[in-house]
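These notes are about the structure you will find just below.
Coordinate-derived values only; no laboratory data. All figures in this text were calculated on a predicted structure; none of them were measured in a lab. Cβ placement follows ideal geometry from the backbone for every residue including glycine, while neighbour counts extend to all protein chains displayed.
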Amino acid sequence: MQATDNLEQLVDRYLRHITVERGLSRNTLSAYNRDLGDYLGFLRGMGVSDATQITDALIETFIEHLSATRKPASVARTLAGVRGWHKYLLLEGYLLRDSAHRVTPPKLGKRLPKAITVDQVVQLLDAAGPEPFTDAAADAATDPIRLRDRAILELLYATGARVSELTDMDIDDLIDASVTGEVGMIRVLGKGNKERIVPVGRFAQRALENYLVRTRPTLVAKGTGTPAVFLNQRGGRLSRQSVWQILVDAAEAAGLQIEISPHTLRHSFATHLLEGGADVRVVQELLGHSSVATTQIYTLVTVDTLRENYALAHPRARAIR
């Protein structure tokens, strides 16, 4: 076994290791760092200062502690980070046994993604800014920030992009931002630095063009020349928190009494494509999922919709009472 390092040093080494080996995104790395930080805080509170002092019972106590205050999905994610760290310590010779190996995560119920209806999407988009093909979108009196906000929500719904993928997007990623064709394309850099090319429909294309022509030049002049597509009012790259606020404000303005987030538009994108007859593997590619099994959860939503409509519409679907 190697010479003992303090727990913080061992976590830092593990994070550097998985960054190189797995090419993790900044957001994923930040989540690992946060979860392992919680674990170290627990260990220090239990008087543990050396990795060799960690026992199976201690890890189980940590998971029980988390389960009392967090949702099962959050607990499972944290445990995955803890188990990964302990496995690393074993393989690198810092420990002689892996105390986390037998600790199991809490069972997760099957969660169906929350999607909103097409009508609700339209209400949301209209509340964010003027419809792209109207005179209002070209009117000099229109607030240019509303053109930006409309373009953001149009693009989220048109591509199913994650909010971090949208805020990380640079001008060079706009392969075809013109409106000359029915469908343009953009480059999206997803989890694990995996690149995918996603089509963009004409409504999102026009909204994006309106923003690029009318709004972005003014905003970029206020900053230091960032290549980001979407900018804040100081000319810097727009943050994920700002996109979230734009969406919440639009939902409030539209009078939508629903819980909503940028991921809601991603869920709605996938659900509406499948309801329209898209192949699940095509949707998998568009979403950037590594496995089709991840995408197939959306098919449960559409099957439920089919079942409900059948039960209501078919004359012999219900038993006679």
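Projected label points at L91 and R234, each 7 Å from Cα along the beta carbon direction, are separated by 4.1 nanometres. Taking the number of Cβ atoms within 10 Å of each Cβ as an exposure proxy, the fewest-first ranking of W244, W85 is W244, W85.
Counting other beta carbons within 10 Å of each Cβ, put F230, F203 in order, fewest first. Walk me through the numbers before you get to the answer.
Numbers: F230 24, F203 18.
Ordered by Cβ neighbours within 10 Å, fewest first: F203, F230.
Across the stretch 7-91, the fraction of Cα-Cα pairs farther apart than 16 Å, rounded to a whole number, is 50%.
Here the simple spin-label model places points 7 Å from the Cα toward Cβ, and for D279 and N193 these points are separated by 3.1 nm.
Sorted by average packing, counted as other Cβ atoms within 10 angstrom per residue and highest first, what order do 151-160, 72-81 take? Before the final figure, lay out the partial values.
On the way: 151-160: 25.3, 72-81: 17.6.
Packing proxy ranking, top to bottom: 151-160, 72-81.
Straight-line cross-link reach from K87 at under 12 Å between alpha-carbon atoms covers these aspartates and glutamates, not counting any fewer than eight positions away in the same chain: D98.
Paramagnetic label reach from N6 (point 7 Å along Cα→Cβ; backbone nitrogen cut-off under 20 Å): within the stretch 28-52, residues 33-52.
Quick one: V103, V248, V243, fewest Cβ neighbours within 10 Å first, how do they rank?
Working: V103 18, V248 14, V243 21.
In order of increasing Cβ crowding within 10 Å: V248, V103, V243.
By how many nm would the segment from S49 to K71 lengthen if fully extended, with 0.36 nm per residue of separation less the alpha-carbon distance?
Numbers: separation 22, 0.36 × 22 = 7.92 nm, distance 2.82 nm.
Here the answer is 5.1 nm.
Only aspartates and glutamates eight or more places from K71 in sequence, or on another chain, were considered; those with a Cα closer than 18 Å are D35, D38, E60, E259.
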